[in-house]
Amino acid sequence: MTHTFAPPPEHPRLDASDPGLLSAVSSGQARLTPEQGLELMRGATLLSLGRWADARCRALHGPIIRTYIIDRNINYTNVCTARCTFCAFRRDGDEADAYTLEHEQIHEKIAELVEIGGTQILMQGGMNPDLPLDWYLDLLSSIKARFPQVHVHAFSPPELIEFVNFFDPPGPTLEEKIRWVMVRLQSAGLDSVPGGGGEIFADPVRRRIGLGKCDAEAWLTTMYVAHTLGMFTSATMMFGHIEGYADRVHHMKLVRDWQDRILKEAGATERRSDEATKGRGDRATEGMGHYVSFIAWPFQRENTPLGRVKDWGAQVEDTGAFPGDVVATLAGDGDPRAHADFGRRVRMSGSTDYLRTQALSRLFLDNIYSIGASWVTMGPHIGQVALKFGANDMGSVMMEENVVSSAGTTYCLDEPVLCRLIRESGFVPAQRDNVYDLLRVHDGAESPDLRVSDWSKHRTKRLHIERAAEPIEAALTVSAK
Ligand code: SF4
């Protein structure tokens, strides 16, 4: 069942720190303007941002349960025509460690996932010009034939745009061409589209760091087509490099605007009733948009060309405002010539900047149901803190993580550890599915973490390290996608 959608009203004359405004935002009765979002990003104290984001999170998700999913990242190829400067994963097709997984190898990985109770695969790769459409259609239909219960969350917008370029489908517009490809992928078994490749939408930033990758309009149009076909998707943002704070707000604004658009056209979908939580009064039953979740994470620099760019402030001549802030505008149309060092300096994001950005996303994205904590990049303990800064979800148990590990950061957690982190943060852990319906609420003695009697002996295992013969699969982003 769907409901008519009307966004909450904006109050542009109010100061962003006005407690009445923030209280109304946290209860879903008011919407932040971009100017107010930027003011909060720049000026609000860390703890006040966290407090209001937590209030909004509790209004949407209740005070008791925080979730995770058991899925598996499968990076089917690292061959890619693009040359994103933040990427440590891509290879040219003739490089020694270029790879494309066989369908059977992918099936084996899914079988291992099913063995541990996993429900979803997150399958993404580079933009590989050697793979024909049939390779993808056969892969999807063979997965569905063998693992009908597994949700296939696959092919981020940049990949789908390249499918259009590689396969030259019929249609007068990009939207129609994407639809032609996506309809075929969907009928072969594609269930939903991950939000990878969002990075930063502002054109000056995107053109500098995403060489050969689609622009924001194409990315958002791809997701719009997925939404019109009834798919749910996520949206992502990778920040903490050359962008300004206004670029982050602009990015969130575009996601919010396009979510408004599809909500106005198609209405909000009512959440399925949830047997596991019936009568607990814990979970909100608000309608859900087609961008179901938003996940933001900081750029990881190791082994990337962008990572070699000097930090802002490292040179004596680095004085005044950060170049990205000089160029950035809330319309995303800044002039890169506004600062000679734009793109030549990075401002890396630490824990507090990450928490501030995540908290702002919870407050600003009033029409998005879930905010994910990025523990894969930030570490499990910041992930715990993130649950008090607006995040309701800890993302995925990591059977293997290749993406971020290419850029130097590796954290690998299994289900008991993830449950323990959530419980130690003051919540009851629950396994969810792709649309955030609860599969198992772990409030009894049989919970995965409560079954562990000796944590000193509990070790998380990484499947891809245990199997030395496997190719090194790197990855584009985190489970976020
Ligand atoms: S981030 Fe993705 S699109 Fe960009 S170079 Fe890496 S694999 Fe290719």
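Using a 4.7 Å Cβ-Cβ cutoff, the cysteines of the chain lacking any partner cysteine are C57, C80, C214, C412, C419. Magnitude of the charge dipole for the chain, about its Cα centre and with charges confined to Cβ atoms of Lys, Arg (+1) and Asp, Glu (-1), is about 1020 debye. With contacts taken as Cα pairs under 8 Å at a separation of at least 6 residues, the stretch 55-190 carries a relative contact order of 24 percent. Here the stretch 1-120 is treated with +1 on each Lys and Arg Cβ and -1 on each Asp and Glu Cβ, and its dipole about the Cα centre works out to around 700 debye. Along the positive direction of the dipole of the stretch 34-79 (beta-carbon charges: Lys, Arg +1; Asp, Glu -1; about the Cα centre), which of L46, T67, T77 reaches farthest? It is T67, whose Cα lies furthest towards the positive end. Charge dipole (Cα centre; +1 on Lys/Arg Cβ, -1 on Asp/Glu Cβ; no other charges) of the stretch 27-89 amounts to roughly 100 debye. Rounded to the nearest 500, the 222 nm mean residue ellipticity of the chain from helices alone is -11000 deg cm²/dmol, with -39,500 (n - 2.57) taken per DSSP H run of at least 4 residues. Lys and Arg at +1, Asp and Glu at -1: add these up for the other residues within a Cβ distance under 12 Å of P12 and post the number. In short, -3. Taking every alpha-carbon pair under 8 Å whose residues sit at least 6 apart, the chain reaches a relative contact order of 23 percent.
Measuring between their Cα centroids, the stretch 171-235 and the stretch 285-325 lie 21 Å from each other. Over all Cα atoms in the chain, the spread is summed up by Rg and Dmax: 21.3, 62 Å. Taking each of K109/K144; K213/K253; K213/K388 in turn, the alpha-carbon distance tops 24 angstrom for K213/K388. Add +1 for every Lys or Arg and -1 for every Asp or Glu among the other residues with Cβ under 11 Å from the Cβ of G210, and state the total. Net of charged neighbours comes to +2. If R0 is taken as 45 Å, the Cβ-Cβ distance between N303 and E446 corresponds to a FRET efficiency of 0.60. Annotation for A338 and E265: the two label points, set 7 Å from Cα along the Cα-Cβ direction, are 3.1 nm apart.
Net charge around M394, counting only other residues with Cβ within less than 13 Å of its Cβ (Lys, Arg = +1; Asp, Glu = -1)? Taking every Cβ under 13 Å from that of M394, the sum is -1.
Proximity of backbone amide H atoms, modeled 1.01 Å from N, is registered between C87 and L306 at under 5 Å, excluding neighbours fewer than 5 places apart on the same chain. Placing a pseudo-label 7 Å from each Cα along the Cα-to-Cβ vector at Q315 and T81 gives an inter-label distance of 3.5 nm. Exposure here means at most 16 other Cβ atoms within 10 Å; with GluC sites (Glu not before Pro) in a DSSP loop as sites, the longest stretch of the chain lacking them is 103-269.
Computed from the coordinates by the stated procedures, all read-outs in this text should not be read as laboratory data. This one's a predicted model, so the numbers in the text were calculated from it and none came from an experiment. Positions of Cβ are backbone-derived with ideal geometry, glycine not excepted, and every protein chain shown enters the neighbour counts.
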